[in-house]
There are 2 protein chains.
Amino acid sequence: MARRKTLTAIVAEDLSKRVFDGSLKPGEQLPTETELCEQFEVSRTVVREAVAQLRSDGILVSRQGRGMFVSKYPFSSKFELNSDALNTLPETIAILELRLAIEVESAGLCAERRSDEDARNIRRVMEEVDARHSDPDIVEVHYDFEFHLAIAQGTQNPYFHRFLKFLEPTFARRFQLSTLVSQDFKEQYYEEIHTEHNSIVVAIEEQDPQAAHNAMRVHLLNSLGRLRALSRKVVAKDRMDGRETSFMDFLKDVDTV
Amino acid sequence: MARRKTLTAIVAEDLSKRVFDGSLKPGEQLPTETELCEQFEVSRTVVREAVAQLRSDGILVSRQGRGMFVSKYPFSSKFELNSDALNTLPETIAILELRLAIEVESAGLCAERRSDEDARNIRRVMEEVDARHSDPDIVEVHYDFEFHLAIAQGTQNPYFHRFLKFLEPTFARRFQLSTLVSQDFKEQYYEEIHTEHNSIVVAIEEQDPQAAHNAMRVHLLNSLGRLRALSRKVVAKDRMDGRETSFMDFLKDVDTV
DNA sequence: TGTCATATGATGTATTACAAATTCAAGCCT
DNA sequence: AGGCTTGAATTTGTAATACATCATATGACA
């Protein structure tokens, strides 16, 4: 593996380092492309590809005929979750707390601002989610993500939907519950969730932000609890089978392609 | 203004669109660079710069001698705010709502989980922020960001701090209030903010999550109101001076170098 | 059948040339 | 003097070509 870094990558990293350690200040003009070619002893092709990357990251701006400049706000305006972290239980829980924060407010704003069409859509999605229970073998722990996205849509603030969509991969893993829990448990599981969903929907339909806040908070706190319970079952099952699998390993295994 | 889009940008957008609408599937091999040149009727320089961007976004990977491929996980596991959007008032408000969601919960969790040292630190930062009022000329509308960061620190969940830090550039712009508002107004402004801060701090010290929620919500809703009021003043002043500057232009102008 | 050399085709890098946009100053006009 | 035009110089944007390097497929050879 470990491929040799391309010249382009080297130049790009060096330049972005210069920006972030302050030797190139926001707004400042960079050396011309030809000067950079001399400094790095590479061709203009390389410099330009490197610059293209930094430009798409918003670190540089370049204007034909004038030159290249450090962006006025070069400091990372992106928020990323390194995929290593997503597979550990503590990280998943920490991120679920972040999600709870967003979703509680999302439910409240949705209750305030939803259109009638939003409300109808949300109820429809809830019913679709319920209908999906007919398949007894496979369930996603957060199989109800579409429901949550529909609510975010109703806030009329696109950032809520975008942020939730961004968090989706963290929660969209599938679990084969059948290997873990009895049918009875699943029934109970679905029953609980439906009840929780329903009280959220009712609050949104009645345009009661406070009630929506509360119902969503309850739902996600319970979700957190269910996640923890499930993880305990997994660990117990592994121990019974003589394995010593941690929850994170489990999450990796069931990861669907 | 409205600069003509570069060919590079056009190609990059088209390719990323192909990925996201599914006509190019994860893991699939792309046409060769020369083929893309023919398709788009541009030079290889353009194609390569476009690809360089997509590669840095993690959408494509290219291997020397083999070809270019759509990444297996092209779907952005990063959340970014494009800097163009940050300069418009509606966007700023929308993002402030997102921030409110995070911070209300942040205050609550902090009240629950803070260490004694966290509590001391928060109060200390609040007092430092107050002390800064001695400088009568310059104020940042959200000069109190450190205070909010200190609270996020107290949640014991690193993602709250990280997310807030990520949003900081959106709110860390400086305003020269002196050209806009009277000294009296500033006094009142600071007075209000201090009162709001204090009730948050008290709630956290008393470990009362519900009160912390409420206090933080009040503070940020008022912040939202102050931002709107300020924007109205700016527009009014411009109109008086015979200009027709929108708030977004204003934000660009006061941009500090 | 298995192995190695070679051919082939892909991306990576270099070089050169020209197009288009911006700046700046000289020079002209009023 | 002040404002305007013009053109040269500079800089990024695009194009075209050549070669280097890496990966794979092919086919000869044992």
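What residue, of A:GLU112, A:GLU105, A:GLU146, is within 15 Å of the chain's Cα centre (by Cα) and either at pLDDT 75 or above or among the hydroxyl-bearing types (Ser, Thr, Tyr) (or both)? Full working, then the answer.
Numbers: A:GLU112 fails: within 15 Å of the chain's Cα centre (by Cα); A:GLU105 fails: within 15 Å of the chain's Cα centre (by Cα).
Exactly one residue qualifies, and that residue is A:GLU146.
So for segment A:50-57 (the condition being more than 8 Å from chain B (Cβ to nearest Cβ), over 27 Å from the mean Cα position of the chain (by Cα) and modelled with pLDDT of 90 or more), does at least one residue qualify?
Yes; the residues of segment A:50-57 include at least one that is more than 8 Å from chain B (Cβ to nearest Cβ), over 27 Å from the mean Cα position of the chain (by Cα) and modelled with pLDDT of 90 or more.
Take segment A:1-31 and flag every residue that is open to solvent by less than 70 Å² (accessible area, probe 1.4 Å) and within 12 Å of DNA strand C (Cβ to nearest atom).
A:THR8, A:ALA9, A:VAL11, A:ALA12
B:GLU38: surrounded by fewer than 18 Cβ atoms within 10 Å (Cβ to Cβ), part of a helix (DSSP H, G or I) and over 28 Å from the mean Cα position of the chain (by Cα), yes or no? Talk me through it step by step, then tell me what you get.
Values: surrounded by fewer than 18 Cβ atoms within 10 Å (Cβ to Cβ): yes; part of a helix (DSSP H, G or I): yes; over 28 Å from the mean Cα position of the chain (by Cα): yes.
Yes.
Kindly establish whether B:ASP84 is at pLDDT 95 or above, surrounded by fewer than 21 Cβ atoms within 10 Å (Cβ to Cβ) and among the acidic types (Asp, Glu). Give the derivation first.
Details: at pLDDT 95 or above: no; surrounded by fewer than 21 Cβ atoms within 10 Å (Cβ to Cβ): yes; among the acidic types (Asp, Glu): yes.
So B:ASP84 fails the test.
Identify all residues within segment A:41-68 that are more than 11 Å from DNA strand C (Cβ to nearest atom) and either in a strand (DSSP E or B) or in contact with a helix residue (DSSP H, G or I) (Cβ under 8 Å, 6 or more places away or on another chain) (or both); write none if there are none.
Going through segment A:41-68, the residues more than 11 Å from DNA strand C (Cβ to nearest atom) turn out to be A:51-61, A:68.
A:VAL51, A:ALA52, A:GLN53, A:LEU54, A:ARG55, A:SER56, A:ASP57, A:ILE59, A:LEU60, A:VAL61, A:MET68, listed by residue number.
Looking only at segment A:10-32, how many residues end up being within 14 Å of DNA strand D (Cβ to nearest atom) and either in a loop (DSSP other than H, G, I, E, B) or in contact with a Ser or Thr (Cβ under 9 Å, 6 or more places away or on another chain) (or both)?
Residues that pass the stated criteria total 5.
The values are calculated or read from the model by the stated rules, or taken from the named source; none is laboratory data. Here the structure is a predicted model, which means the values were calculated and not measured. Cβ atoms come from the backbone with ideal geometry, glycine included; neighbour counts cover every protein chain shown. Remember, those area values only see protein heavy atoms, side chains included, never the ligands or the DNA or RNA. Shrake-Rupley method; radii C 1.70, N 1.55, O 1.52, S 1.80 Å.
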